[in-house]
Amino acid sequence: MDAKQVAHVCERIISFFPRIHHETDPFRVLISTIISHNDIHLAQMRKLAELCREKGIRDQVVLVAGGTQVNREMAAETGLDATFGRGTKGIHVVNAIVKTLTQRGVV
């Protein structure tokens, strides 16, 4: 699969998210970004945040991404709440979710 095909598949998956949110009402979304050539992971992370804003649900979800080519600085760059790379433990992710929910006054 070339980069264009990967981008198309990712775009289709991400485009379903707002509908899934409407049907299931999740408060957090965790995505794994293992495909990273041509920075497709960054583009898709940005797209997810943009779609959530467009659909008016961005403040209702905590968006977290992780992967081998992801680092913590990418959250600000992509519009996600938290990003994690190698060496991350589950407790780090949970702490980020709780911190975001606390900042929003949810917990």
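The values are calculated or read from the model by the stated rules, or taken from the named source; none is laboratory data. In this text the structure is predicted, and so the values were computed from the model without any measurement. Here the Cβ is made from the backbone with ideal geometry for all residues, glycine too, and neighbour counts use every protein chain on show.
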Which residues, taken from the range 87-107, are surrounded by fewer than 15 Cβ atoms within 10 Å (Cβ to Cβ) and either basic (Lys, Arg) or in contact with a Lys or Arg (Cβ under 8 Å, 6 or more places away or on another chain) (or both)?
-> Lys89, Lys99, Arg104
Counted residues, the range 61-83 - those being outside any loop (DSSP other than H, G, I, E, B) and either under 11 Å from the mean Cα position of the chain (by Cα) or within 12 Å of Ser36 (Cβ to Cβ) (or both) | 10
Those residues that are within 13 Å of the chain's Cα centre (by Cα) and either part of a helix (DSSP H, G or I) or at pLDDT below 90 (or both), I need them from the range 84-94; list them, please.
-> Val93
